[in-house]
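Colleague: Handing you this structure, nothing more for now.
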Amino acid sequence: MLRTLNSFALDLMSIPSVEDLFWYVAQNVVGKLNFSDCVIYQANEEQTELTQVSAWGEKNPYGRNILNPLVIPFGRGITGQVAQGRKPIIVDDLLKDENYIADTQPARSEICVPLISGGRVVGVIDSEHPEARAFGEAELEILSTVAAMTSAKLEVLAESRRANEQYHDLVAAHARLTLETNNCKALEAKLFEVRKLEVIGRLTGRFAHEFNNLLTVISGNLELLELEGSGMDAKSTLQGAKAASERGAKLIRDMLAFAQRTRLTPKLVDLNAHVSAFREHCEHSFAQRVELSLSNDLWMVSVDPVAVENMLLNLALNGIEAMPEGGRLRIATENIWHTLSDRPSFPSELLPGRYVRVSVADRGTGIAVDRLAQIFDPFFTTKAVGEGTGLGLSMVMGMMRQSGGAVCVQSEPGVGSVFELYFPAVQGDGNDLLTMNR
Ligand SMILES: Nc1ncnc2c1ncn2[C@@H]1O[C@H](COP(=O)(O)OP(=O)(O)OP(=O)(O)O)[C@@H](O)[C@H]1O
Ligand SMILES: [Mg+2]
(Lines give C-alpha, C1' and ligand atoms only; values in the text may rest on other atoms or scores of the structure.)
(Ligands and ions follow the chains in the order given, each with its own letter.)
Protein backbone atom coordinates (compact mmCIF):
# COMPACT_ATOMS: atom_id res chain seq x y z
CA MET A 1 0.00 0.00 0.00
CA LEU A 2 2.87 2.32 0.88
CA ARG A 3 4.48 1.68 -2.48
CA THR A 4 1.19 2.45 -4.21
CA LEU A 5 0.79 5.70 -2.26
CA ASN A 6 4.35 6.59 -3.13
CA SER A 7 3.82 6.17 -6.87
CA PHE A 8 0.51 8.04 -6.46
CA ALA A 9 2.45 10.99 -4.95
CA LEU A 10 4.96 10.91 -7.80
CA ASP A 11 2.20 10.91 -10.42
CA LEU A 12 0.55 13.92 -8.77
CA MET A 13 3.67 16.01 -9.42
CA SER A 14 3.19 16.02 -13.20
CA ILE A 15 -0.58 16.70 -13.22
CA PRO A 16 -1.18 20.09 -14.89
CA SER A 17 -4.75 21.09 -13.92
CA VAL A 18 -7.41 20.78 -11.22
CA GLU A 19 -9.72 18.80 -13.56
CA ASP A 20 -6.94 16.32 -14.39
CA LEU A 21 -6.12 16.04 -10.70
CA PHE A 22 -9.70 15.16 -9.67
CA TRP A 23 -10.02 12.70 -12.52
CA TYR A 24 -6.71 11.03 -11.63
CA VAL A 25 -7.60 10.77 -7.93
CA ALA A 26 -11.05 9.29 -8.63
CA GLN A 27 -9.57 6.77 -11.06
CA ASN A 28 -6.75 5.69 -8.79
CA VAL A 29 -8.60 5.53 -5.52
CA VAL A 30 -10.59 2.80 -7.21
CA GLY A 31 -7.88 1.34 -9.44
CA LYS A 32 -4.74 1.27 -7.36
CA LEU A 33 -6.17 1.48 -3.84
CA ASN A 34 -8.97 -1.08 -4.33
CA PHE A 35 -12.02 0.99 -3.42
CA SER A 36 -15.12 -0.06 -5.30
CA ASP A 37 -16.12 3.49 -6.34
CA CYS A 38 -15.03 7.08 -5.81
CA VAL A 39 -16.78 10.41 -6.31
CA ILE A 40 -15.10 13.78 -5.86
CA TYR A 41 -17.18 16.83 -5.01
CA GLN A 42 -15.91 20.39 -5.43
CA ALA A 43 -17.04 23.20 -3.12
CA ASN A 44 -18.16 26.55 -4.54
CA GLU A 45 -16.39 29.86 -3.76
CA GLU A 46 -19.08 30.84 -1.24
CA GLN A 47 -18.58 27.56 0.65
CA THR A 48 -22.29 26.77 0.50
CA GLU A 49 -22.59 23.73 -1.78
CA LEU A 50 -20.77 20.75 -3.24
CA THR A 51 -20.98 19.57 -6.87
CA GLN A 52 -19.86 16.21 -8.20
CA VAL A 53 -16.94 16.85 -10.55
CA SER A 54 -15.24 13.52 -11.02
CA ALA A 55 -16.15 9.91 -10.46
CA TRP A 56 -15.12 6.39 -11.10
CA GLY A 57 -17.57 3.58 -10.90
CA GLU A 58 -21.34 3.67 -11.40
CA LYS A 59 -21.47 7.45 -11.91
CA ASN A 60 -19.48 7.54 -15.12
CA PRO A 61 -19.53 4.38 -17.10
CA TYR A 62 -18.45 6.23 -20.32
CA GLY A 63 -15.35 8.18 -19.32
CA ARG A 64 -14.60 11.50 -17.64
CA ASN A 65 -18.03 13.09 -18.10
CA ILE A 66 -20.29 12.78 -15.09
CA LEU A 67 -23.91 11.78 -15.61
CA ASN A 68 -26.34 14.15 -13.81
CA PRO A 69 -23.87 15.59 -11.27
CA LEU A 70 -25.45 15.89 -7.85
CA VAL A 71 -25.35 19.25 -6.03
CA ILE A 72 -25.43 18.95 -2.24
CA PRO A 73 -25.64 21.92 0.18
CA PHE A 74 -23.03 22.16 2.96
CA GLY A 75 -24.42 20.39 6.05
CA ARG A 76 -26.74 18.06 4.11
CA GLY A 77 -26.17 14.35 3.76
CA ILE A 78 -22.89 12.71 4.70
CA THR A 79 -20.77 14.63 2.14
CA GLY A 80 -22.37 17.94 3.18
CA GLN A 81 -21.61 17.22 6.84
CA VAL A 82 -17.98 16.36 6.07
CA ALA A 83 -17.64 19.67 4.15
CA GLN A 84 -19.15 21.65 7.01
CA GLY A 85 -17.45 19.80 9.89
CA ARG A 86 -14.09 19.41 8.05
CA LYS A 87 -13.78 15.91 9.54
CA PRO A 88 -13.96 12.48 7.85
CA ILE A 89 -17.05 10.30 8.38
CA ILE A 90 -17.45 6.52 8.02
CA VAL A 91 -20.97 5.08 7.94
CA ASP A 92 -21.15 1.33 8.55
CA ASP A 93 -24.75 0.82 7.54
CA LEU A 94 -26.44 3.39 5.35
CA LEU A 95 -29.86 1.78 5.71
CA LYS A 96 -29.80 2.89 9.35
CA ASP A 97 -28.46 6.41 8.59
CA GLU A 98 -31.04 9.16 8.19
CA ASN A 99 -28.46 11.46 6.54
CA TYR A 100 -27.85 9.18 3.58
CA ILE A 101 -28.72 10.69 0.20
CA ALA A 102 -29.01 7.81 -2.26
CA ASP A 103 -27.52 8.38 -5.71
CA THR A 104 -28.17 6.19 -8.79
CA GLN A 105 -27.13 3.00 -7.05
CA PRO A 106 -28.05 2.69 -3.33
CA ALA A 107 -25.11 1.50 -1.17
CA ARG A 108 -24.68 0.04 2.31
CA SER A 109 -21.54 1.72 3.68
CA GLU A 110 -19.74 5.00 2.94
CA ILE A 111 -16.48 6.79 3.73
CA CYS A 112 -15.97 10.52 3.10
CA VAL A 113 -12.92 12.80 3.77
CA PRO A 114 -12.62 16.56 3.28
CA LEU A 115 -10.18 18.31 0.90
CA ILE A 116 -8.78 21.42 2.57
CA SER A 117 -6.55 23.84 0.71
CA GLY A 118 -5.36 27.27 1.86
CA GLY A 119 -7.56 27.02 4.96
CA ARG A 120 -10.72 26.48 2.86
CA VAL A 121 -12.80 23.40 2.14
CA VAL A 122 -12.36 22.87 -1.57
CA GLY A 123 -14.23 19.57 -1.77
CA VAL A 124 -14.61 16.04 -0.46
CA ILE A 125 -13.57 12.55 -1.59
CA ASP A 126 -16.35 10.05 -1.15
CA SER A 127 -16.49 6.27 -1.61
CA GLU A 128 -19.45 3.92 -1.20
CA HIS A 129 -19.66 0.14 -0.97
CA PRO A 130 -22.57 -2.26 -1.64
CA GLU A 131 -21.84 -4.13 1.58
CA ALA A 132 -22.21 -2.93 5.18
CA ARG A 133 -19.11 -2.25 7.35
CA ALA A 134 -16.80 -2.15 4.30
CA PHE A 135 -14.62 0.70 5.66
CA GLY A 136 -12.39 0.70 8.77
CA GLU A 137 -9.32 2.44 10.18
CA ALA A 138 -7.06 1.23 7.30
CA GLU A 139 -9.34 2.73 4.59
CA LEU A 140 -9.66 5.93 6.59
CA GLU A 141 -5.89 6.30 6.77
CA ILE A 142 -5.43 5.61 3.07
CA LEU A 143 -8.13 8.03 1.98
CA SER A 144 -6.95 10.73 4.42
CA THR A 145 -3.41 10.42 2.99
CA VAL A 146 -4.79 10.70 -0.55
CA ALA A 147 -6.81 13.77 0.52
CA ALA A 148 -3.75 15.41 2.10
CA MET A 149 -1.68 14.80 -1.04
CA THR A 150 -4.50 16.08 -3.26
CA SER A 151 -4.92 19.22 -1.10
CA ALA A 152 -1.19 19.96 -1.26
CA LYS A 153 -1.27 19.56 -5.04
CA LEU A 154 -4.31 21.87 -5.21
CA GLU A 155 -2.31 24.56 -3.38
CA VAL A 156 0.59 24.15 -5.81
CA LEU A 157 -1.80 24.42 -8.77
CA ALA A 158 -3.48 27.54 -7.29
CA GLU A 159 -0.08 29.14 -6.72
CA SER A 160 1.11 28.39 -10.23
CA ARG A 161 -2.20 29.72 -11.63
CA ARG A 162 -1.70 32.95 -9.67
CA ALA A 163 1.90 33.22 -10.87
CA ASN A 164 0.75 32.58 -14.42
CA GLU A 165 -1.92 35.28 -14.15
CA GLN A 166 0.61 37.72 -12.72
CA TYR A 167 3.01 36.88 -15.54
CA HIS A 168 0.29 37.49 -18.14
CA ASP A 169 -0.72 40.76 -16.46
CA LEU A 170 2.91 41.81 -16.56
CA VAL A 171 3.30 40.87 -20.22
CA ALA A 172 0.09 42.75 -21.06
CA ALA A 173 1.23 45.82 -19.08
CA HIS A 174 4.59 45.71 -20.81
CA ALA A 175 2.95 45.43 -24.23
CA ARG A 176 0.66 48.38 -23.39
CA LEU A 177 3.60 50.44 -22.21
CA THR A 178 5.64 49.60 -25.32
CA LEU A 179 2.70 50.58 -27.52
CA GLU A 180 2.17 53.84 -25.65
CA THR A 181 5.89 54.64 -25.73
CA ASN A 182 6.02 53.91 -29.47
CA ASN A 183 2.96 56.09 -30.09
CA CYS A 184 4.49 58.83 -28.01
CA LYS A 185 7.82 58.58 -29.84
CA ALA A 186 6.11 58.63 -33.24
CA LEU A 187 4.15 61.72 -32.20
CA GLU A 188 7.26 63.43 -30.87
CA ALA A 189 9.13 62.66 -34.10
CA LYS A 190 6.25 64.10 -36.13
CA LEU A 191 6.14 67.22 -33.97
CA PHE A 192 9.91 67.59 -34.19
CA GLU A 193 9.72 67.29 -37.98
CA VAL A 194 7.00 69.94 -38.17
CA ARG A 195 8.94 72.32 -35.92
CA LYS A 196 12.16 71.70 -37.81
CA LEU A 197 10.50 72.54 -41.13
CA GLU A 198 8.93 75.63 -39.56
CA VAL A 199 12.30 76.85 -38.26
CA ILE A 200 14.10 76.10 -41.53
CA GLY A 201 11.36 77.94 -43.43
CA ARG A 202 11.62 80.99 -41.19
CA LEU A 203 15.40 80.96 -41.38
CA THR A 204 15.60 80.67 -45.16
CA GLY A 205 12.87 83.28 -45.60
CA ARG A 206 14.65 85.82 -43.39
CA PHE A 207 18.04 85.05 -44.90
CA ALA A 208 16.72 85.41 -48.46
CA HIS A 209 15.06 88.68 -47.48
CA GLU A 210 18.22 90.15 -45.86
CA PHE A 211 20.41 88.99 -48.71
CA ASN A 212 18.04 90.34 -51.30
CA ASN A 213 18.13 93.75 -49.63
CA LEU A 214 21.92 93.81 -49.76
CA LEU A 215 21.97 92.66 -53.39
CA THR A 216 19.49 95.42 -54.27
CA VAL A 217 21.80 98.02 -52.70
CA ILE A 218 24.88 96.62 -54.42
CA SER A 219 23.32 96.23 -57.87
CA GLY A 220 21.52 99.61 -57.56
CA ASN A 221 24.76 101.38 -56.77
CA LEU A 222 26.57 99.59 -59.59
CA GLU A 223 23.83 100.70 -62.02
CA LEU A 224 24.21 104.28 -60.78
CA LEU A 225 27.92 104.09 -61.42
CA GLU A 226 27.26 102.80 -64.89
CA LEU A 227 24.95 105.74 -65.61
CA GLU A 228 26.96 108.47 -63.94
CA GLY A 229 30.42 107.23 -64.88
CA SER A 230 33.18 108.71 -62.77
CA GLY A 231 31.12 111.71 -61.61
CA MET A 232 31.35 113.50 -58.30
CA ASP A 233 29.23 110.97 -56.34
CA ALA A 234 30.97 107.94 -57.80
CA LYS A 235 33.13 107.41 -54.75
CA SER A 236 30.28 107.46 -52.26
CA THR A 237 28.16 105.21 -54.55
CA LEU A 238 31.05 102.75 -54.65
CA GLN A 239 31.42 102.96 -50.87
CA GLY A 240 27.69 102.27 -50.47
CA ALA A 241 28.04 99.10 -52.52
CA LYS A 242 31.15 98.10 -50.58
CA ALA A 243 29.45 98.64 -47.23
CA ALA A 244 26.49 96.52 -48.34
CA SER A 245 28.78 93.69 -49.44
CA GLU A 246 30.61 93.90 -46.09
CA ARG A 247 27.27 93.60 -44.30
CA GLY A 248 26.56 90.57 -46.49
CA ALA A 249 29.87 89.03 -45.44
CA LYS A 250 29.03 89.68 -41.75
CA LEU A 251 25.61 88.13 -42.27
CA ILE A 252 27.28 84.98 -43.63
CA ARG A 253 29.81 84.98 -40.76
CA ASP A 254 27.06 85.24 -38.13
CA MET A 255 25.03 82.53 -39.81
CA LEU A 256 28.09 80.25 -39.87
CA ALA A 257 28.71 81.03 -36.21
CA PHE A 258 25.12 80.05 -35.38
CA ALA A 259 25.59 76.85 -37.37
CA GLN A 260 28.77 76.20 -35.31
CA ARG A 261 30.82 76.25 -38.52
CA THR A 262 33.14 79.14 -37.66
CA ARG A 263 36.83 78.50 -38.19
CA LEU A 264 37.96 78.88 -34.58
CA THR A 265 41.59 79.13 -33.45
CA PRO A 266 41.56 78.26 -29.74
CA LYS A 267 44.30 79.61 -27.51
CA LEU A 268 44.98 79.30 -23.80
CA VAL A 269 43.25 82.36 -22.46
CA ASP A 270 42.94 84.21 -19.17
CA LEU A 271 39.45 85.59 -19.45
CA ASN A 272 40.13 88.24 -16.76
CA ALA A 273 42.67 89.88 -19.08
CA HIS A 274 40.25 89.80 -21.99
CA VAL A 275 37.37 91.22 -19.96
CA SER A 276 39.61 94.06 -18.66
CA ALA A 277 40.74 94.91 -22.20
CA PHE A 278 37.13 94.79 -23.35
CA ARG A 279 36.11 97.29 -20.64
CA GLU A 280 38.69 99.76 -21.98
CA HIS A 281 37.29 99.30 -25.46
CA CYS A 282 33.71 99.82 -24.29
CA GLU A 283 34.46 102.94 -22.30
CA HIS A 284 36.54 104.35 -25.10
CA SER A 285 34.34 103.49 -28.09
CA PHE A 286 30.82 103.77 -26.63
CA ALA A 287 31.45 105.96 -23.61
CA GLN A 288 29.79 103.19 -21.65
CA ARG A 289 30.66 102.71 -17.98
CA VAL A 290 31.46 99.10 -17.20
CA GLU A 291 31.81 97.76 -13.67
CA LEU A 292 34.05 94.71 -13.29
CA SER A 293 33.98 91.94 -10.70
CA LEU A 294 36.87 89.63 -11.50
CA SER A 295 37.51 86.47 -9.55
CA ASN A 296 41.07 85.76 -8.38
CA ASP A 297 42.86 82.61 -9.58
CA LEU A 298 40.52 82.23 -12.50
CA TRP A 299 41.00 78.93 -14.32
CA MET A 300 42.38 79.15 -17.84
CA VAL A 301 40.18 78.35 -20.82
CA SER A 302 40.96 77.27 -24.35
CA VAL A 303 39.03 79.49 -26.69
CA ASP A 304 39.37 81.66 -29.78
CA PRO A 305 40.11 85.21 -28.44
CA VAL A 306 38.43 86.84 -31.44
CA ALA A 307 35.27 84.85 -30.73
CA VAL A 308 35.37 85.95 -27.07
CA GLU A 309 35.60 89.58 -28.11
CA ASN A 310 32.76 89.18 -30.62
CA MET A 311 30.54 87.59 -28.01
CA LEU A 312 31.30 90.22 -25.36
CA LEU A 313 30.63 92.94 -27.91
CA ASN A 314 27.24 91.48 -28.88
CA LEU A 315 26.18 91.08 -25.25
CA ALA A 316 27.42 94.54 -24.27
CA LEU A 317 25.66 96.18 -27.23
CA ASN A 318 22.41 94.39 -26.35
CA GLY A 319 22.80 95.59 -22.74
CA ILE A 320 23.45 99.17 -23.83
CA GLU A 321 20.48 99.03 -26.22
CA ALA A 322 18.30 97.76 -23.36
CA MET A 323 19.20 100.88 -21.31
CA PRO A 324 18.17 103.77 -23.58
CA GLU A 325 18.27 106.16 -20.60
CA GLY A 326 21.82 105.05 -19.81
CA GLY A 327 23.02 102.82 -17.01
CA ARG A 328 25.89 100.70 -15.89
CA LEU A 329 26.97 97.36 -17.36
CA ARG A 330 28.51 94.84 -15.03
CA ILE A 331 30.82 92.07 -16.20
CA ALA A 332 31.87 89.35 -13.76
CA THR A 333 34.11 86.30 -13.95
CA GLU A 334 33.92 83.28 -11.68
CA ASN A 335 35.13 79.68 -11.37
CA ILE A 336 32.20 77.27 -11.35
CA TRP A 337 32.21 73.65 -10.36
CA HIS A 338 29.00 72.26 -11.78
CA THR A 339 27.67 69.06 -10.19
CA LEU A 340 24.42 67.35 -11.07
CA SER A 341 22.73 68.47 -7.88
CA ASP A 342 23.31 72.14 -8.62
CA ARG A 343 20.71 74.81 -9.00
CA PRO A 344 18.55 74.29 -12.07
CA SER A 345 19.45 77.65 -13.62
CA PHE A 346 22.52 76.14 -15.30
CA PRO A 347 21.98 75.62 -19.03
CA SER A 348 20.40 72.18 -19.40
CA GLU A 349 22.93 71.00 -22.01
CA LEU A 350 25.88 71.77 -19.68
CA LEU A 351 27.59 68.56 -18.55
CA PRO A 352 28.84 68.44 -14.96
CA GLY A 353 32.40 69.74 -14.71
CA ARG A 354 34.51 72.87 -14.17
CA TYR A 355 33.73 76.04 -16.03
CA VAL A 356 34.70 79.69 -16.07
CA ARG A 357 31.58 81.80 -16.09
CA VAL A 358 31.52 85.26 -17.60
CA SER A 359 28.31 87.16 -16.91
CA VAL A 360 27.22 90.37 -18.54
CA ALA A 361 24.49 92.17 -16.59
CA ASP A 362 22.46 95.26 -17.37
CA ARG A 363 19.73 97.14 -15.56
CA GLY A 364 17.69 97.59 -18.69
CA THR A 365 14.18 96.78 -19.90
CA GLY A 366 14.49 93.04 -19.24
CA ILE A 367 12.89 90.34 -21.34
CA ALA A 368 9.35 88.98 -20.95
CA VAL A 369 9.15 85.25 -20.10
CA ASP A 370 7.42 84.31 -23.36
CA ARG A 371 10.23 86.03 -25.31
CA LEU A 372 13.07 84.29 -23.47
CA ALA A 373 12.72 81.12 -25.56
CA GLN A 374 12.92 83.08 -28.80
CA ILE A 375 15.80 85.51 -28.34
CA PHE A 376 18.45 82.97 -29.40
CA ASP A 377 16.57 82.17 -32.64
CA PRO A 378 18.36 83.50 -35.72
CA PHE A 379 16.74 86.69 -37.08
CA PHE A 380 14.66 87.22 -33.95
CA THR A 381 14.80 90.90 -33.17
CA THR A 382 12.60 93.52 -31.56
CA LYS A 383 14.51 96.29 -33.27
CA ALA A 384 12.94 98.37 -36.03
CA VAL A 385 13.39 97.21 -39.64
CA GLY A 386 16.94 97.79 -40.85
CA GLU A 387 18.35 98.36 -37.35
CA GLY A 388 19.43 94.85 -36.50
CA THR A 389 19.54 91.40 -38.06
CA GLY A 390 18.67 89.46 -34.91
CA LEU A 391 21.75 87.28 -35.37
CA GLY A 392 23.73 88.60 -32.34
CA LEU A 393 22.55 86.09 -29.73
CA SER A 394 22.29 83.15 -32.16
CA MET A 395 25.93 83.77 -33.05
CA VAL A 396 26.85 83.83 -29.32
CA MET A 397 24.99 80.57 -28.73
CA GLY A 398 26.62 78.86 -31.76
CA MET A 399 30.12 79.95 -30.75
CA MET A 400 29.67 78.88 -27.14
CA ARG A 401 28.41 75.46 -28.19
CA GLN A 402 31.23 75.08 -30.70
CA SER A 403 33.69 75.89 -27.88
CA GLY A 404 32.21 73.13 -25.69
CA GLY A 405 30.35 75.55 -23.42
CA ALA A 406 26.91 77.04 -23.19
CA VAL A 407 25.05 80.30 -22.72
CA CYS A 408 21.99 81.09 -20.66
CA VAL A 409 20.00 84.10 -19.59
CA GLN A 410 18.07 85.28 -16.57
CA SER A 411 15.91 88.29 -16.95
CA GLU A 412 13.13 90.19 -15.29
CA PRO A 413 11.10 92.85 -17.09
CA GLY A 414 11.82 96.28 -15.66
CA VAL A 415 14.80 95.05 -13.63
CA GLY A 416 17.38 93.89 -16.16
CA SER A 417 19.07 90.84 -17.65
CA VAL A 418 22.13 88.71 -17.01
CA PHE A 419 23.68 86.66 -19.82
CA GLU A 420 26.04 83.94 -18.62
CA LEU A 421 28.74 82.31 -20.75
CA TYR A 422 30.16 78.99 -19.49
CA PHE A 423 33.63 78.18 -20.87
CA PRO A 424 35.08 74.71 -20.10
CA ALA A 425 38.12 75.18 -17.83
CA VAL A 426 41.49 73.80 -18.83
CA GLN A 427 44.17 72.02 -16.78
CA GLY A 428 47.91 72.30 -17.32
CA ASP A 429 50.04 74.92 -19.07
CA GLY A 430 49.92 76.11 -22.67
CA ASN A 431 51.81 73.04 -23.96
CA ASP A 432 49.51 70.58 -22.33
CA LEU A 433 45.91 71.59 -22.94
CA LEU A 434 43.42 69.35 -21.30
CA THR A 435 39.84 70.28 -20.69
CA MET A 436 39.07 69.54 -17.04
CA ASN A 437 35.70 68.11 -17.94
CA ARG A 438 37.03 65.30 -20.14
N1 LIG B 1 20.20 92.61 -22.62
C2 LIG B 1 18.99 92.57 -23.19
N3 LIG B 1 17.93 93.17 -22.61
C4 LIG B 1 16.72 93.12 -23.18
N5 LIG B 1 16.44 92.45 -24.33
C6 LIG B 1 17.46 91.83 -24.95
C7 LIG B 1 18.78 91.84 -24.41
N8 LIG B 1 19.56 91.11 -25.24
C9 LIG B 1 18.78 90.67 -26.24
N10 LIG B 1 17.51 91.11 -26.09
C11 LIG B 1 16.37 90.82 -26.96
O12 LIG B 1 16.73 89.77 -27.83
C13 LIG B 1 16.58 90.16 -29.18
C14 LIG B 1 17.63 89.44 -30.02
O15 LIG B 1 18.92 89.90 -29.70
P16 LIG B 1 20.05 89.71 -30.78
O17 LIG B 1 21.29 90.27 -30.23
O18 LIG B 1 20.06 88.32 -31.26
O19 LIG B 1 19.52 90.58 -31.98
P20 LIG B 1 19.36 92.16 -32.04
O21 LIG B 1 20.14 92.80 -30.97
O22 LIG B 1 17.90 92.45 -32.10
O23 LIG B 1 19.99 92.46 -33.44
P24 LIG B 1 21.57 92.55 -33.77
O25 LIG B 1 22.29 91.88 -32.65
O26 LIG B 1 21.70 91.84 -35.03
O27 LIG B 1 21.86 94.01 -33.84
C28 LIG B 1 16.71 91.66 -29.14
O29 LIG B 1 16.07 92.24 -30.26
C30 LIG B 1 16.03 92.00 -27.84
O31 LIG B 1 14.64 92.01 -28.00
MG1 LIG C 1 22.17 92.21 -30.62
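Colleague: For the stretch 362-369, check the following and say yes or no: at least one residue is in the same structural domain as D297 (by TED's automatic domain parsing), within 14 Å of ligand 2 (Cβ to nearest atom), in contact (Cβ under 8 Å) with a residue 24 or more places away in the chain and under 35 Å from the mean Cα position of the chain (by Cα). Reasoning before the result, please.
Modeller: So in the stretch 362-369, the residues in the same structural domain as D297 (by TED's automatic domain parsing) come out as 362-369.
So of that shortlist, the ones also within 14 Å of ligand 2 (Cβ to nearest atom) come out as 362, 364-365, 367.
Within this subset, residues satisfying the condition of being in contact (Cβ under 8 Å) with a residue 24 or more places away in the chain are 362, 364-365, 367.
Checking the rest, the ones that are also under 35 Å from the mean Cα position of the chain (by Cα) come to 367.
Taking every residue of the stretch 362-369 in turn, at least one turns out to be in the same structural domain as D297 (by TED's automatic domain parsing), within 14 Å of ligand 2 (Cβ to nearest atom), in contact (Cβ under 8 Å) with a residue 24 or more places away in the chain and under 35 Å from the mean Cα position of the chain (by Cα).
Colleague: So if I check each of A138, A172, A158, which one is exposed (fewer than 10 other Cβ atoms within 10 Å of the Cβ) and assigned to a helix (DSSP H, G or I)? Spell out how you get there, then give the answer.
Modeller: On the way: A172 fails: exposed (fewer than 10 other Cβ atoms within 10 Å of the Cβ); A158 fails: exposed (fewer than 10 other Cβ atoms within 10 Å of the Cβ).
Testing whether each residue is exposed (fewer than 10 other Cβ atoms within 10 Å of the Cβ) and assigned to a helix (DSSP H, G or I) leaves just A138.
Colleague: Can I ask one more? Just to be sure, is G386 assigned to a loop (DSSP other than H, G, I, E, B) and either within 8 Å of ligand 1 (Cβ to nearest atom) or over 24 Å from M255 (Cα atoms) (or both)?
Modeller: Values: assigned to a loop (DSSP other than H, G, I, E, B): yes; either within 8 Å of ligand 1 (Cβ to nearest atom) or over 24 Å from M255 (Cα atoms) (or both): no.
Considered against the rule, which asks whether it is assigned to a loop (DSSP other than H, G, I, E, B) and either within 8 Å of ligand 1 (Cβ to nearest atom) or over 24 Å from M255 (Cα atoms) (or both), G386 comes out as no.
Colleague: Limited to the stretch 143-175, what total is found for residues that are within 16 Å of I116 (Cα to Cα) and not small (G, A, S)? Step through it out loud before you land on a result.
Modeller: Keep residues of the stretch 143-175 that are within 16 Å of I116 (Cα to Cα), which gives 143-159.
Still in the list and also not small (G, A, S): 143, 145-146, 149-150, 153-157, 159.
Adding up the residues that qualify gives 11.
Colleague: In the stretch 251-279, what residues are polar (S, T, N, Q) and either crowded, with 17+ Cβ neighbours inside 10 Å or more than 13 Å from V308 (Cβ to Cβ) (or both)? Even if it seems obvious, please write down each step before you answer.
Modeller: To start, the set of residues in the stretch 251-279 that are polar (S, T, N, Q) comprises 260, 262, 265, 272, 276.
The answer is Q260, T262, N272.
Colleague: Let me ask you something else. Identify, from the list A322, A307, the residue that is touching a Gly at 6+ places or on another chain (Cβ under 7 Å), within 16 Å of ligand 1 (Cβ to nearest atom) and on the phi < 0 side of the Ramachandran plot.
Modeller: Residue meeting the stated conditions: A322.
Colleague: Same structure again: I'd like to verify a number: residues in the stretch 370-392 that are β-branched (V, I, T), touching a residue at least 40 places away in the same chain (Cβ under 8 Å) and within 21 Å of G405 (Cβ to Cβ), how many?
Modeller: First, the residues of the stretch 370-392 that are β-branched (V, I, T): 375, 381-382, 385, 389.
Among the residues that remain, those that are also touching a residue at least 40 places away in the same chain (Cβ under 8 Å) are: 389.
Keeping just the survivors that are within 21 Å of G405 (Cβ to Cβ) gives none.
Number of matching residues: 0.
Colleague: So, one more: If you go through the stretch 308-338 one residue at a time, how many are more than 16 Å from ligand 2 (Cβ to nearest atom) and part of a helix (DSSP H, G or I)?
Modeller: Summing the residues that are more than 16 Å from ligand 2 (Cβ to nearest atom) and part of a helix (DSSP H, G or I) in the stretch 308-338 gives 1.
Colleague: Hey, among L350, L329, L340, which residue is modelled with pLDDT under 90 and either more than 21 Å from Q402 (Cβ to Cβ) or among the acidic types (D, E) (or both)?
Modeller: Numbers: L350 fails: either more than 21 Å from Q402 (Cβ to Cβ) or among the acidic types (D, E) (or both); L329 fails: modelled with pLDDT under 90.
It is L340.
Colleague: A further question follows. Looking only at the stretch 353-407, how many residues end up being on the phi > 0 side of the Ramachandran plot and of a type in the set (A, V, I, L, M, F, W, C)?
Modeller: 1
Colleague: Further question on the same structure: For the stretch 215-268, name all the residues that are part of a helix (DSSP H, G or I), of a type in the set (S, T, Y) and in contact with a helix residue (DSSP H, G or I) (Cβ under 7 Å, 6 or more places away or on another chain).
Modeller: Step one: filter the stretch 215-268 for residues part of a helix (DSSP H, G or I), giving 215-228, 234-258.
Going one step further and asking which of them are of a type in the set (S, T, Y), we end up with 216, 219, 236-237, 245.
Answer for the stretch 215-268, where residues must be part of a helix (DSSP H, G or I), of a type in the set (S, T, Y) and in contact with a helix residue (DSSP H, G or I) (Cβ under 7 Å, 6 or more places away or on another chain): T237, S245.
Colleague: Could you look through the stretch 389-411, keep only residues that are among the small types (G, A, S) and part of a loop (DSSP other than H, G, I, E, B), and pick out the one that is nearest to ligand 1 (Cβ to nearest atom)?
Modeller: Applying the filter and picking the extreme gives G390.
Colleague: What are the residue pairs meeting all of these: first residue in the stretch 77-92, first residue on the phi > 0 side of the Ramachandran plot, second residue part of a strand (DSSP E or B) and among the β-branched types (V, I, T), Cβ atoms under 8 Å, and 6 or more apart or on different chains?
Modeller: Filtered contacts from the stretch 77-92: R86/I116; R86/V121.
Colleague: Evaluate the stretch 297-313: report whether one residue or more is assigned by TED's automatic domain parsing to the domain that holds Q402, within 13 Å of V418 (Cβ to Cβ) and not aromatic (F, W, Y). Show your work before the answer.
Modeller: Taking the stretch 297-313 and keeping what is assigned by TED's automatic domain parsing to the domain that holds Q402, we get 297-313.
Applying the additional criterion that residues be within 13 Å of V418 (Cβ to Cβ) yields none.
No: the stretch 297-313 contains no residue that is assigned by TED's automatic domain parsing to the domain that holds Q402, within 13 Å of V418 (Cβ to Cβ) and not aromatic (F, W, Y).
Colleague: Among the residues of the stretch 388-413, write down those that are out of contact with any Asp or Glu (no Cβ under 9 Å at 6 or more places or on another chain), of a type outside the set (A, V, I, L, M) and within 12 Å of ligand 2 (Cβ to nearest atom).
Modeller: none
Colleague: I'd like the full set of residues that are modelled with pLDDT of 95 or more and either farther than 20 Å from F22 by Cβ or among the hydrophobic types (A, V, I, L, M, F, W, C) (or both), limited to the stretch 76-88.
Modeller: Result: Q81, V82, A83, Q84, G85, K87.
Colleague: Suppose the filter is modelled with pLDDT of 90 or more, surrounded by 24 or more Cβ atoms within 10 Å (Cβ to Cβ) and within 55 Å of the chain's Cα centre (by Cα); does Y41 pass it?
Modeller: Numbers: modelled with pLDDT of 90 or more: yes; surrounded by 24 or more Cβ atoms within 10 Å (Cβ to Cβ): yes; within 55 Å of the chain's Cα centre (by Cα): yes.
Yes: the conditions hold for Y41.
Colleague: Could you figure out which of (1) in the same structural domain as V407 (by TED's automatic domain parsing); (2) within 16 Å of ligand 1 (Cβ to nearest atom) isn't true of K250?
Modeller: Every condition holds for K250 apart from (1).
Colleague: Name the pairs whose Cβ atoms lie under 7 Å apart, with the first residue in the stretch 108-123 and over 14 Å from T150 (Cα atoms), the second among the aromatic types (F, W, Y), and 6 or more positions between them or separate chains?
Modeller: Correct list of pairs: S109/F135; I111/F135.
Colleague: With the requirement that a residue be among the charged types (D, E, K, R) and touching a helix residue (DSSP H, G or I) at 6+ places or on another chain (Cβ under 7 Å), what does the stretch 280-325 give you?
Modeller: R289, E309
The values are calculated or read from the model by the stated rules, or taken from the named source; none is laboratory data. What you are looking at is a predicted structure, and each value in this text was computed from that prediction instead of being measured. Counting neighbours? That spans all protein chains shown, and the Cβs are built from the backbone with ideal geometry, glycine included.
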